[in-house]
Amino acid sequence: MPELGESVHEGTVSRWLKKEGDLVKEDEPVVEIMTDKVNTELPAPASGILSKIIIPEGGQVEVFKAMGIIEEQGSAGASAKPAEKKEPAKAETKTPAPAPAAPIAAQAPAPPAANGERRWYTPVVRSIAKQNEVSEAELASISGTGGGGRVTKKDLEGYLSSGRKTMQPVGAASMPKIEAKPAAPVTAGPDQEIVPLVGLRKMIAEAMVRAAAVPVVSTTTQADVTAMVQFRENNKEFFQQQHGVKLTYTPFFIKALTETLLEFPLVNASLQGDQIVMNKGVHMGVAVALGSKGDEGLIVPVIRDCHKKTLIDIAKDLDAIAKKARNNQLSVADVQGGTFTLTNPGTYGALFGTPMINAPQAGILGAYAIKKEPVIINDMIGLRQIMHLVLTYDHRLVDGLLAGRFLAAVRDRLEKFDFFK
C-alpha cells in the first residue's frame with residue numbers, strides 16, 4: 001500500500017483486478033484502493049505471478065503494509081493459474097500443448113530487514129532510488145519514519161541531501177504499538193441483514209466522527225436572490241452555447257464566498273494543533289453526491305485559486321471536476337488543499353439544515369432551496385425568490401460576531417448581484 005498523500009494513512013481494498021495465479025506486468029493496474037480522499041487503481045510494482053492476495057476485497061490496509069505477493073515467474077511457490085477443467089477429448093481430436101510463456105526478466109529481491117522480513121518500497125521511492133543510483137543495500141540501511149519503519153520519500157530525500165549518511169529517526173524506537181480490540185459481533189434479528197461498513201461509506205463515517213469532535217456553531221440568514229434567478233433564467237441557454245457548460249447557481253455561491261473569504265480571512269483559516277494556518281488564497285471544496293441517485297456517498301473535490309478566476313472560469317472548473325468525481329477519475333491532488341467548503345442541498349429541495357465542517361477547515365456554507373415567497377418591501381407585499389444560507393464554523397477560531405458579519409456579507413453580495421459589473 002503506497003503513500004497516496006500526506007494525510008492518507010490507510011485505505012480499503014475495493015476490488016482486485018487480478019486473481020491469485022494471474023500473470024501481471026509491471027505498472028499494470030492490479031488492485032483498486034479506496035481512501036477517505038479518492039478511489040484509485042494501483043499498478044503492480046513488478047512483473048511476475050500474483051501468488052497470494054493478503055488483503056481481501058473490503059479489507060483495510062495501512063500505508064506501507066503488504067496487500068499481496070508477486071513472485072518471479074519460475075520461482076519456488078509461484079505457479080500460473082491452473083487451466084479450467086475440460087471434458088475428455090474425443091479420440092480423433094488432438095489437443096495441442098500450450099506454447100511456453102515468454103520468460104520474464106528476473107527482478108532482484110529487496111534485502112531482508114533486520115527482523116528477517118522483506119523490505120517493501122513505494123514506486124515513488126524506487127523511482128528516486130533508480131534516478132540517484134541508490135542500491136537495494138543502501139535502501140535497506142536507511143531508517144524509515146513511515147508505518148512499520150518503512151522508508152518514505154522524505155526519508156530517501158533526506159538521505160541523499162545528507163551525503164548518503166544514515167540517521168536514526170528521533171523517537172522511532174520508542175513509538176508504542178496500538179492494538180485494536182475486536183468489536184463485539186453483531187447478530188441479525190428478524191427481517192434484518194448485516195451489511196459490513198466498508199469502502200467509501202466507512203471513510204465518510206470516520207470523517208464525520210473527526211468533524212464531530214470540533215466545537216461548532218451554526219448560524220443562518222435569508223437571502224433575496226431574485227436578481228440571480230432572473231439572470232440565470234434569461235441567460236442559461238446563451239451561456240451553454242457560448243461556454244459549453246450549464247449555468248447553475250453554484251458558481252454564483254462560490255464567487256460570493258470567495259470575495260467574502262478574502263474580506264474575512266480567519267474564516268478561510270484552519271486550526272491544526274495549536275497553530276492557526278492562515279490561507280492567502282481561496283481553494284473551494286464543493287460537495288458532490290455520487291451515484292445516479294446520489295446515494296453512493298459524498299466526496300469534496302477542490303476548485304483551486306478561486307480568487308484569481310472569473311465566474312465563467314469557476315463554472316467551467318466546477319463542471320469539469322464534478323464529472324471527474326462522478327466518473328471516479330479524481331486524483332489525490334483533486335481533493336486536497338481546500339480552505340473552505342460549499343455544500344448545496346438546495347439542488348434536491350432541502351429547505352434548511354446544519355452542515356458539518358470539513359475539518360480542519362474553519363467553516364462550511366450550506367446553500368438551500370430557492371422558493372418564491374411573499375415578502376414585505378416598502379410596506380408592500382411582493383413575491384420574491386428567497387433562500388436560506390447556513391454557516392457552520394469552528395467556534396475555537398470564529399466568534400459569533402465575525403460569523404454573523406461574514407454571513408451578512410455573503411448575503412449582500414448575492415442580493416446585489418453585481419458580479420458582471
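The values are calculated or read from the model by the stated rules, or taken from the named source; none is laboratory data. Here the structure is a predicted model, which is why all the values come from computation and not from measurement. Methodologically, a virtual Cβ is constructed for each residue, glycine included, from the backbone with ideal geometry; neighbour enumeration extends over all protein chains shown. The accessibility values were calculated without ligands, DNA or RNA, using every heavy atom of the protein model including side chains. Shrake-Rupley method; radii C 1.70, N 1.55, O 1.52, S 1.80 Å.
Things to note:
- Between Asn327 and Ala137, the FRET efficiency from the beta-carbon distance, with R0 = 56 Å, is close to 0.80.
- Full extension of the chain between Phe419 and His395 yields a length gain of 5.6 nm, computed as 0.36 nm times the residue separation minus the alpha carbon distance.
- Normalised contact order of segment 188-343, rounded percent, pairs of Cα under 8 Å and 6 or more residues apart: 22
- Ranked by the mean number of other Cβ atoms within 10 Å of their residues, highest first, the peptides 301-309, 247-255, 194-202 come out as 247-255, 301-309, 194-202.
- Here the accessible area of segment 9-48 is 45 percent carbon and sulfur, with a 1.4 angstrom probe and all protein chains present.
- Cα gyration tensor, segment 265-402 - rounded (a/c under 1.5), prolate or oblate: oblate
- The modelled label-to-label distance between Ala320 and Gln60, using points 7 Å beyond Cα along the C-beta direction, is 3.7 nm.
- Sorted on the mean count of surrounding Cβ atoms within 10 Å across their residues, most packed first, peptides 376-388, 405-417 read 405-417, 376-388.
- Residues in segment 175-318 average 61 Å² of solvent-accessible surface per residue, probe 1.4 Å, ligands and nucleic acids excluded.
- Take every Cα pair under 8 Å whose residues are at least 6 apart in sequence, average their separation, divide by the length of segment 9-71, and the relative contact order is 38 percent.
- Gyration tensor (alpha-carbon) shape descriptor, segment 199-307, a/c threshold 1.5: oblate
- For segment 180-257, the set of GluC sites (Glu not before Pro) satisfying both a DSSP loop assignment and a count of at most 10 other C-beta atoms within 10 Å is given as Glu193.
- FRET efficiency for the Ser162 to Glu20 pair, using the beta carbon distance and R₀ = 35 Å, is estimated at 0.25.
- Relative contact order (%) - segment 289-375, alpha-carbon pairs under 8 angstrom, separation at least six: 23
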